[in-house]
Amino acid sequence: MSQTLAEKFYYLMKLGRELEVRCKEEYLKGNISGFLHLAIGEEAVHVGAVIGFGKGDLFCPYREHVLALARGIEAKYIMAELFGKVTGVSKGKGGSMHLYEPKMDFYGGNAIVAAHLPHAVGAAYARKLMGEKAGVLAIFGDGATNSGTFFESINMASLWEVPVLFLCENNQYAIGTHISRSSALKDLYLKARDYMPSVQVDGMDVFVVYEAVVKAKEYIEEYGKPYFIEALTYRFEGHSMADKGDYRSPREIESFKRRDPIKLLVDKSLQMGWLTEEQIRLMDQKIEKVIEEAVEFALNSPEPSEGELYTDLYCGVCSDVIP
Amino acid sequence: MLYRDALNLALDHAMEQDPRVLLLGEDVGFYGGNYKVTDGLYVKYGPKRVIDTPIAENSIVGTAIGMAMMGLRPVAEIMTANFAMLAMDQVVNQMAKLRYMSGGKIFLPLVVRMPQGVAKQLAAQHSQSLEHLFASVPGLYVFCASDSTSAYHGLLYAIKLDDPVIFLEHVLLYGVDFPLENSKDFNPFQARVLKEGKDITVVSYLKMVHDVLKACQWLEEEGLYCEVIDLVSLRPIDFETIYSSVKKTKRLVVVYEAPKSFGLGAEVSARVCEELFYFLDAPPLRIAGGEVPIPYNRRLELLAIPTPERIYSQILSWSKSHGL
């Protein structure tokens, strides 16, 4: 079990890391534009959560490339979206912050902090009403927990008893403002503790995140009620490409980089015999190829035609309607 | 049938026909709705389909969006349009954009209903007409109900649409009795010509339609015949119906309750000027609310919005000064 998991974790986390490193290069080359938020340093939270959660709907914040990959969206469709191409997951109309694949129960990417939390609550209400058990995973940052929408959402989720796993990835900074300067509570999981079971975990260790999420998933499926996890993590890059992140001391950044989630995973897996150096080398080769192909695909894909400007705005009566 | 009962009947029929339709909002369930629009539906359909929410407007619309994404067809009630200002993130940034940003992958069969307008001495935070805020956002449909026919058929149509609709009602109409016409082919995208006339085209919507009709009756005694157009949809606006009327009358008046500036009057008259400038015999006239918050005092309140008397006198003096 741990062997298979370690392999899956490594592949997705490394793929996510390399994809984003490449995104950075492509951004500097001018192939990607707009806002680009990298999750480098936070891969353990994203991969551990999505794999641990398994079946169910995902509602993500704008830092969602790795979450999309972990859900199974192919790198080339993500890269093409970032390049603004019509072959992208959102036809080039959404960009980095708006990746959608409802067929895979992946509902974005939202660029307004905490705005997707009530969506998750409503989705969970709908799923429960339709007699489905799987529930909804809502991921958001530490900054979101200071918004009114966050408190509205945890209240409604608890009041209505709907199966949402609220997963806060606490990387300590809302762009440049440290949580100590924006949140009256230092431990963010305390904000939800009176509404639902709420725990704090090490977000740099993918196995820890995974186990916490599996446990939470069992709870929300069994009771049909919400659950809260705060995962302590850190972003190694700035908030977006427009931010150098230099409001943090090099010492602070270094101290977290020593606990790089990919390094932690590799060390533990080699030590436990879950992975071999050879396996890692082979996966790295495969990842390099996937990313090359993704960039190639994005580069060679066409731009949306001018006629696309006004499509996808309204559909009229387009699905199965009232007879 | 009372306007409120027509809305209630539309909700009832929609819920009866389609189990995916559900209602949510403050006081819509057990209490029966602040304006009693949802009265009786809680008992009939139960608390799972008629959901009482906390006072959290942004998340009322937000949870409705989540439900719609999963294939339900929620109808959210915001107690008044004034309170919808707390939900503007979900309305403007979310429900209007998700379909487009997803390249057409997200469907939002969602209706957000709310009453607006001046009732009687409710003061500035309960009396606004805010339709222009919603109508200026691509990705939304904005429908208005001016009587029981447009209330019933318009709301049913909105619920059947697979796109998000802002459905505007007027607080003063809830208790008014109108005939409910059996118009099966009712189309909210088509403006209604409520009265034909050869001299002046008067465009209006919501409650003002009735004040306009009254004023136009008085104008007939002066020998002026107005064509009255009720805009059932404010986004999109049925300009074709307006253009064909103005081509005939060569004169345009727009009457609305919101402050005159930046409103529907500006949009409608600008379009008419762009398209039909050389047809016009007079510059368009806007009769609208004052550029002030609505005051509590009744006398001042009535000065802040058009009344049938003022609509009558303004149209009369405008038409005299432009050769009619």
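No lab work stands behind these numbers, since they all come straight from the coordinates. In this text the structure is predicted, and so the values were computed from the model without any measurement. Please note: Cβ atoms are built from the backbone with ideal geometry, for glycine as well, and neighbour counts cover all protein chains shown.
With unit charges on the beta carbon (Lys/Arg positive, Asp/Glu negative), name the residue among B:A81, B:L9, B:A215 whose Cα is farthest towards the positive pole of the charge dipole of chain B.
Checking the options against the dipole of chain B, the answer is B:A81.
Give me a comma-separated list of calculated 3J(HN,Hα) values for the stretch A:9-23, in order, Karplus coefficients 6.51, -1.76, 1.60 applied at θ = phi - 60°, integers in Hz, x for any Gly or Pro.
With coefficients 6.51, -1.76 and 1.60, one gets 4, 4, 4, 5, 5, 6, 4, x, 4, 5, 4, 6, 4, 5, 4 Hz.
Relative to the Cα centre, what is the charge dipole magnitude of the stretch B:3-173, using +1 at the beta carbon of each Lys and Arg, -1 at the beta carbon of each Asp and Glu, and rounding to the nearest 20 debye?
Computed about the Cα centre, the dipole is about 320 debye.
Could you pull out every residue, at least 5 positions away or on a different chain, whose amide H is within less than 5 Å of the one on B:N187? Hs are placed 1.01 Å off N in the peptide plane, and Pro or chain starts have none.
The answer is none.
Step through the table entries A:K103/B:K48; B:K105/B:K184; A:K215/A:K257; A:K76/A:K289; B:K36/B:K120; A:K217/A:K286, compare each Cα-Cα distance with 20 Å, and write down the pairs that go over it.
Values: A:K103/B:K48 26 Å; B:K105/B:K184 31 Å; A:K215/A:K257 28 Å; A:K76/A:K289 11 Å; B:K36/B:K120 18 Å; A:K217/A:K286 31 Å.
Pairs exceeding the cut-off: A:K103/B:K48; B:K105/B:K184; A:K215/A:K257; A:K217/A:K286.
Taking only the C-alpha atoms, wrap a convex hull around the stretch A:112-152 and report its volume per residue in Å³ as a whole number. Don't skip to the answer; put the middle values down first.
Numbers: hull volume 2.4 nm³, N = 41.
Measuring per residue, one finds 58 Å³ for the Cα hull of the stretch A:112-152.
Provide the packing ranking of B:103-110, A:155-162, i.e. peptides ordered by the mean count of other C-beta atoms within 10 Å per residue, highest first.
Per-residue mean Cβ counts within 10 Å order the peptides as B:103-110, A:155-162.
From Cα pairs below 8 angstrom and at least 6 apart in sequence, can you work out the relative contact order of the stretch A:31-161, rounded to a whole percent?
25 percent
Reported to two decimal places, what Rg/Rh ratio describes the stretch A:70-217 when computed on Cα atoms with Rh from the Kirkwood expression? Kindly include the intermediate steps, with their values, before the conclusion.
Working: Rg = 16.3 Å, Rh = 16.6 Å.
Value, to two decimals: 0.98.
Could you name the aspartates and glutamates in cross-link range of A:K186, using Cα to Cα under 17 Å and dropping any fewer than eight places away on the same chain?
Filter leaves A:D142, A:E169, A:D194, A:D202, A:E230.
Taking only the C-alpha atoms, wrap a convex hull around chain A and report its volume per residue in Å³ as a whole number.
Values: hull volume 46.4 nm³, N = 323.
In chain A, the Cα hull volume divided by residue count equals 144 Å³.
Okay, helix-only estimate at 222 nm for chain B: each DSSP H run of n ≥ 4 adds -39500 (n - 2.57), divide by all residues, round to 500 deg cm²/dmol; what do you get?
Values: 11 runs with 113 residues, N = 324.
Counting only the DSSP helices, I get -10500 deg cm²/dmol.
More than 20 Å apart: what percent of Cα pairs in the stretch B:3-173 qualify?
46 percent
By per-residue mean of other Cβ atoms within 10 Å, what is the highest-first order of B:36-44, A:124-132?
Answer by packing, highest mean first, reads A:124-132, B:36-44.
Send over the per residue convex hull volume for the stretch B:1-79, Cα only, as a whole number of Å³.
Convex hull of Cα atoms, per residue: 78 Å³.
What residues qualify as long-range amide H neighbours of B:V202, i.e. H under 5 Å apart, gap of 5 or more or another chain, H built at 1.01 Å from N?
Under 5 Å from the amide H of B:V202: B:E227, B:V228, B:I229, B:V253.
From zero outward in steps of 20 Å, how is the percent of C-alpha pairs of the protein assembly as shown spread across the bins?
19, 45, 28, 9, 1
Given that compact globular proteins tend to follow 2.2 N^0.38 Å, what is the ratio of the alpha-carbon Rg of the stretch B:178-309 to that value?
In units of the 2.2 N^0.38 Å rule of thumb, it is 1.06.
Compute from the Cα atoms of the stretch A:70-116 the Rg and the Dmax, the latter being the longest Cα-Cα distance, and quote both in angstrom.
For the stretch A:70-116, the Cα radius of gyration and maximum Cα-Cα distance read 10.2, 28 Å.
Could you work out the Rg to Rh ratio of chain B, with Rh taken as the Kirkwood radius (inverse of the mean 1/r over all Cα pairs)?
Details: Rg = 19.6 Å, Rh = 20.1 Å.
Ratio of gyration radius to Kirkwood radius for chain B: 0.98.
At a Cα cut-off below 13 Å, give the aspartates and glutamates reachable from B:K44, other chains included and same-chain residues fewer than 8 away excluded.
Once the sequence-local aspartates and glutamates are set aside, what remains near B:K44 is B:D12, B:E16.
What residues have an amide H closer than 5 Å to that of B:L130, excluding those fewer than 5 places away on the same chain, when H is modeled at 1.01 Å from N in the peptide plane?
Amide H neighbours of B:L130, under 5 Å, 5+ apart: B:G117.
Listing A:S153, A:S305 from the residue with the fewest other Cβ atoms within 10 Å to the one with the most, what is the order?
Ordered from fewest to most neighbouring Cβ atoms within 10 Å, A:S153, A:S305 come out as A:S305, A:S153.
Would you compute, from DSSP H runs of 4+ residues alone, the mean residue ellipticity of chain A at 222 nm, taking -39500 (n - 2.57) per run and dividing by the full residue count, rounded to the nearest 500?
About -14000 deg cm²/dmol.
What lysines sit close enough to B:K320 to cross-link, taking a C-alpha to C-alpha distance under 30 Å and skipping anything fewer than 8 places away on the same chain?
Reachable lysines: B:K195, B:K198, B:K207, B:K214, B:K247, B:K248, B:K250, B:K260.
Distance between Cα centroids, the stretch B:269-306 to the stretch B:107-140: provide it in whole Å.
The stretch B:269-306 and the stretch B:107-140 have Cα centres spaced 18 Å from each other.
Taking each pair of different alpha-carbon atoms in the stretch B:88-223 once, compute 1/r for the pair, average those values, and report the inverse of that mean as the Kirkwood hydrodynamic radius in Å to one decimal. Could the numbers behind the result be given before it?
Values: mean 1/r = 0.0600 Å⁻¹.
By the Kirkwood definition, the hydrodynamic radius is 16.7 Å.
Pairs of Cα atoms under 8 Å, at least six residues apart: use those to get the relative contact order of the stretch B:3-173, whole percent. Show your work: numbers first, answer last.
Details: 331 pairs, mean separation 41.2, N = 171.
It comes to 24 percent, rounded to a whole number.
So what are the ³J(HN,Hα) numbers for the stretch A:122-129, from phi and the Karplus equation (6.51, -1.76, 1.60; θ = phi - 60°), rounded to whole Hz, Gly and Pro as x?
For the stretch A:122-129, the Karplus-derived couplings read x, 5, 5, 4, 4, 4, 5, 4 Hz, x marking Gly and Pro.
Quick one: what are the phi-derived ³J(HN,Hα) couplings along the stretch B:245-260, Karplus 6.51/-1.76/1.60 with θ = phi - 60°, whole Hz, x for glycine and proline?
Whole-Hz 3J(HN,Hα) from phi for the stretch B:245-260: 6, 5, 4, 7, 8, 6, 9, 10, 10, 10, 10, 8, 8, 5, x, 4.
In chain A, with Lys and Arg counted as +1 and Asp and Glu as -1 at Cβ, which of these residues, A:F59, A:A44, A:P197, has the Cα nearest the positive end of the dipole, that is, farthest along it?
Of the options given, the answer is A:P197.
Across 10 Å bins from 0, what is the distribution of all Cα-Cα pair distances for the stretch A:1-151, in whole percents?
Reading upward from the zero bin: 12, 40, 35, 12, 1.
Mind listing P(r) for the stretch A:1-54? All alpha-carbon pairs, 10 Å bins, whole percents.
24, 44, 23, 9, 0
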